[in-house]
Amino acid sequence: MDLNAVEQLKNVLSSMSFEKDQIIYEEGEPTGDGYILSIGKVRLFKKAGDGKLTEKQTVNSMQVFGVWNSILGNNVRLFTARALEKSSVLIIPKATLNKKLSTLDPFLRLLFRQALTNNESFE
């Protein structure tokens, strides 16, 4: 996502800030809003079989995260998201995301779901 697009979204989306090491959401929570990371760095973790958190992905500025559950139709978060440094996000309301997804061609939605299901590092 380019800087100009993020600047335009700042006019219509609310924002939220997180301190270093603050949890944004946890694996197993009900799905919710998605996020665009405007400043900072976020890491996504998943619980391993032994209960320890394993790193799955690092999200950098201008990247989207926390939206794939809606695309997949999951009811719970698949990852824990934690700020690696002071970070700021733009919030994509779940209702807005669901409305946009409902207008997506069913064939394309199926392709997205299959591609994401085959890639365990998404969210």
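Taking the chain on its own, what percent of its Cα-Cα pair distances exceed 20 Å?
Working: 3295 of 7503 pairs.
That fraction is 44 percent.
As a rough guide to protection, the peptides 103-110, 84-91 ranked by mean Cβ packing within 10 Å, highest first, stand as 84-91, 103-110.
Calculated [222 nm] ellipticity per residue, helices only, for the chain: -7500 deg cm²/dmol; basis is -39500 (n - 2.57) per DSSP H run with n ≥ 4, divided by all residues, nearest 500.
Distance from the C-alpha centroid of segment 64-101 to that of segment 4-43: 8 Å, rounded to the whole angstrom.
Here, each number is a calculation from the coordinates, and none is a lab measurement. What you see is a predicted model, and the numbers here were worked out from it, not measured in a lab. Note: ideal-geometry Cβ built from the backbone for every residue, glycine included; neighbour counts use all protein chains shown.
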